[in-house]
Amino acid sequence: MASQIETVIGACPQDCPDTCSMIVSKDNGKVISVRGNPDQPFTKGRLCVKVNNYQDRVNSPDRILYPMRRTGPKGSSLFERISWQDALEEITTRWKDIAATSGPNAILPYSYLGTQGILNGLTVGDAFFNKLGATISERTFCDSGACTAYTMTIGDTAGVDPESFVHSRYIVLWASNTLTTNSHHWPFIEEARKRGAKVIVIDPYRSRTARLADVHVPIAPGTDGALALGIIHILFRDGLTDADYISRYTVGADELAERAMEYTPEMVGAITDLSPELIVKLAHGIATSQPSVIRIGVAVERQSGGGQAVRAISCIPALVGSWRRPGGGLLQLPLWAFPVSWGAFIRPDFIGSAPRVLNQWKLGEALTGDMALDPPIRSLMVYNANPMAMAPEQGRIAQGLSREDLFTVVSEHFLTDTARYADIVLPATTQVEQEDIMFSWGHLYLSYNNRAIDPMGEAVSNTELFRRLAKAMGFDDPCFSRTDEEQIAEAMLWDAPQMAGITIERLKRDGFARLNLPSADDYAPHAQGNFATPSGKCEFKASMAAEGNFVLGLFRQGYDGQQSGEPIDPLPHFIAPQESPVTNPALAARYPLNLITPKNHAFLSSSFGNLPHQRRHAGDQPVVLHPTDAAKYGITAGERVRVHNDRGAFEAIAQVTDDIRQGVVVAPAGHWASLNSGGATVHAVTSSRYADMGGAPTFSDILVAVERC
Amino acid sequence: MAYVVTDNCVECRVTQCVAVCPVQCFHVDETMVYIDPHTCIDCAGCVDACPVGAIDDEFNLSDDKLHWIEINRERAAALPRLTGTMEPLPGAEARKAALGL
């Protein structure tokens, strides 16, 4: 057949802040390559090690292309092909029976952002499961705790335009390995540096980003809140605050000053294991090198006091008036700039009067009877997620998924660690086989993904999956039969001012459009306050704290009821780690090393963890130790070790370097348990314990021991 | 883990790779450029930018080019970092033609 190469403009679907515009090449209906779209001003024609060979994901011989039914024991990976009709009939028969005998809340959806499109991503199953009356899935995988804290302080604002960083004079990357998880932002940081900016990286690990920084701040894990309060202490002590900005646009400065009194450089130095001089230097740098900016990474929430740490950090730019100029302030989640019509997808109006809410970190407990649930979970549907690889207490999840009486449905591209345990596996399309419109949580461009090829085999998009399920369940609300085209037409609040000039036709043609906001050279959204808080000001003392702890409705299928409501101190304070030699010496006597679990450079969470190219780049599951710790436990570089605590164990290859602090070990998450020696990975040892706010996890607050295998 | 500059760059050295590299991981001598494997983020941006196809993923190299991994590592460590593009070497066009490109 003659070669017929055509290109289509798509958008990367991965849960990454960069949401690259990408050009998909196909030849006679087969995707042969992807590359970055050079016209997109933020992503500038580069993709990354995760996505450069996306065609290998699409065309992988391991793709699931047909519905399958389990034929062997749970977890055995033994399946037979069945028809879609049989799959739908079996699923809906089981669900109708469960709903009739136990109640529909015995069914639990489990999903996150395996694909990030507005149609096929976060909320794609919400209307269906809200209608069904299933247990509401509280999805606090990523940034939920930080969002709660950030929202309480400055509101759901986009914050600093990432492109405005070229104007920043002092850039603090706080718990962000930008070159691995947000790499298209780096050129803007580098440009600022060419213009004289300093780049500071706060991270217990000398990551590839920290290695390129002007200053690396190797903080003790779980102590970021103390550092932020120590900085605030210095700002007040040394007269570095912007009194005019504070008086006009903030509330609670006096109370915050009083609270910060105790956080002296000496006290904070002892907690963070940083020198008092460095803490003073950071405070003076942030205050006097204006505009200064702080980029908060997701990792900062993953500690017992993660919420209050984000609260304290979020106060700093207003204290020194950084918000006055473009490139000054805070960047956390510019997602809030996008006027997405979430309600059209979530349909919170379908939620009954007394739904049950279950947080996704608790899956292991929920499935194994360790949590009192009436009715118990009898069916689980997993899509856009792989909890066996990415949720805590892996051993307990495996035990739960092994229950013969649990009816598990998984929609996937591959037979993941989770899909292996399914009763029914459904084939999902990759991004090139589906149409979607994409927000970003790392820049201000709306993106469009034109479908490049027809679905492979019998794969269906998530939108089609839920259309089929809804029809089979007899749900007749018109929202369940909307085509993708109709959903795209309803995806945005097209009349919102940010959308002026943006049409679907333009998006389809160009693949992206910058929201209608001032240019990055002029955009200073909070130069005159205008914070999205109840007071309209930056709330050092948070009025929203009065209602206690909460998770944003977006992360819980649109449901705002039954919030956990634990008391929250309206002023920022330091909450110490629960698993540290200081706070838990008895535990540390047995498990002396603090584990942190950053993102893998070659994987996106567990996506790509099975593909040969990315596995070659990532190597086997590593654990990184300081030379002193390695010597202490008789471990040499390159040998296989066992990392363990009371929750479980996994095997890893030891890497020995002084890039990590003594007493801390690093094991990136995302490797597949089924592909790792010993059949377990990092989340075998992590805890389902929450951080202080928003249901965030505590993956940086874990003690382990490491020994030779 | 990194991308690697191989022999096609020799006596060509167009350095368009440097213009697209987000982390400035190229180092230079009189004949060609080299990638610092400790700084490279494997983004592959340079691969398409190179007019002579000199750059590839270390895992894609043919056996006869594997020695370039170590050459890049050693030379990058010993040479200055290149922070902007340079004029191509005088023989670049001839070199390109000789490579059939």
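The values are calculated or read from the model by the stated rules, or taken from the named source; none is laboratory data. Everything quoted here is computed from the prediction, not taken from an experiment. Don't worry about glycine lacking a Cβ; one is built from the backbone with ideal geometry, like all the others, and counts go over all protein chains shown. Just the protein is used for accessible areas: all its heavy atoms, side chains included, with ligands, DNA and RNA removed. Shrake-Rupley method; radii C 1.70, N 1.55, O 1.52, S 1.80 Å.
Here are the numbers:
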item	result
Neighbour net charge for A:Ser33 - beta-carbon separation under 13 angstrom, K R +1, D E -1	0
0 to 90° range, to nearest 10: angle between helix A:224-237 axis and chain A longest Cα axis	30
Burial ranking of peptide ranges B:44-52, A:70-78 (average Cβ count within 10 Å, highest at the top)	B:44-52, A:70-78
FRET E, pair A:Ala354, A:Glu258, Förster distance 35 Å, beta-carbon r, rounded to 0.05	0.25
Selection from A:Thr241, A:Ser137, A:Val656 lying farthest towards where the dipole of chain A points positive, charges on Cβ	A:Val656
Phi-based couplings in Hz for the stretch A:250-256 (Karplus 6.51, -1.76, 1.60; Gly and Pro marked x)	9, 10, x, 5, 5, 5, 5
Shielding by partners, peptide A:78-90 (average Cβ within 10 angstrom, other chains)	0
10 Å Cβ neighbours from other chains, averaged over peptide A:30-37	1
Shape category assigned to the stretch A:247-288 from the gyration tensor of Cα positions, a/c cut at 1.5	oblate
Rounded to whole Hz, the Karplus (6.51, -1.76, 1.60) HN-Hα couplings of the stretch A:5-10, x for glycine and proline	7, 10, 10, 9, 8, x
Cα-based radius of gyration of chain A once divided by 2.2 N^0.38 Å, which approximates compact folds	0.92
Descending semi-axes in Å of the stretch A:1-59, equivalent ellipsoid built from Cα gyration tensor	22, 13, 8
Charged-residue dipole, Cβ positions (Lys, Arg, Asp, Glu), chain B about Cα centre, Debye nearest 20	260
Spin-label pair A:Ala496/B:Val10, simplified geometry with 7 Å Cα→Cβ offset, distance in nm	5.7
For A:Val217, residues with placed amide H under 5 Å, excluding near neighbours	A:Val201, A:Ile202, A:Asp203
Size of electric dipole in the stretch A:116-246: Cβ of Lys, Arg +1 and of Asp, Glu -1, about Cα centre, debye, nearest 20	440
Pair A:Thr7, A:Thr101: separation of 7 Å Cα→Cβ label points (nm)	5.7
Computed accessible area, B:Leu89, all protein chains, 1.4 angstrom probe, square angstrom	30
Among A:171-181, A:540-550, the order from most to least packed when residues are scored by Cβ within 10 Å on average	A:171-181, A:540-550
Evaluated at q = 0.10, 0.13, 0.17 Å⁻¹: base-10 log I(q)/I(0), Debye formula over Cα of the stretch A:484-605	-0.71, -1.05, -1.19
Long-range amide H partners of A:Ile568 with built H, under 5 Å	A:Gly548, A:Asn549
Table column - 3J(HN,Hα) (Hz), the stretch A:415-422, Karplus curve with 6.51, -1.76, 1.60, x for Gly and Pro	7, 5, 3, 7, 4, 4, 8, 6
Burial of 50 Å² or greater, the stretch A:607-638 residues [accessible area, probe 1.4 Å, versus chain by itself]	A:Arg616, A:His617
Convex hull volume of the stretch A:225-303 per residue (C-alpha atoms, cubic angstrom)	111
Volume in Å³ per residue [convex hull over Cα atoms, computed for chain B]	86
Cα centre as origin, Lys/Arg/Asp/Glu Cβ charges: the protein assembly as shown dipole, Debye	300
For A:Lys198, distant residues with modelled amide H under 5 Å away	A:Tyr170, A:Ile171
Prolate/oblate/rounded call for the stretch A:146-305, Cα gyration tensor, a/c under 1.5 rounded	rounded
Cβ-based net charge around A:Leu517, under 13 Å, with every Lys or Arg adding one and every Asp or Glu removing one	-3
Residue mean of other protein chain beta carbons inside 10 Å, B:48-55	1
For the stretch B:44-87, fraction of C-alpha pairs farther apart than 13 Å, in %	66
Projected label distance in nm at A:Asp27 and A:Asp39, using a 7 Å step from Cα toward the beta-carbon	2.5
Residues in the stretch A:278-299 that a label on A:Arg237 would reach, taking backbone N under 17 Å of a point 7 Å out along Cα→Cβ	A:278-288
Cβ crowding within 10 Å averaged over residues, with A:50-59, A:412-421 ranked highest first	A:412-421, A:50-59
Net +/- balance of residues flanking A:Thr178 in space, Cβ distance below 10 Å, scoring K and R +1, D and E -1	+2
Accessible area expressed per residue, chain A, with surrounding protein chains retained (probe 1.4 Å, Å²)	32
Three-way shape label, the stretch A:341-497, alpha-carbon gyration tensor, a/c 1.5	prolate
On Cα atoms only, tilt of A:306-319 relative to the major axis of chain A in degrees	50
Quotient of C-alpha Rg and 2.2 N^0.38 Å, computed over the stretch A:89-213	1.56
Surface share of carbon and sulfur [accessible, 1.4 angstrom probe, percent] for the protein assembly as shown	50
B/A buried area, accessible surface, summed, 1.4 Å probe, Å²	1400
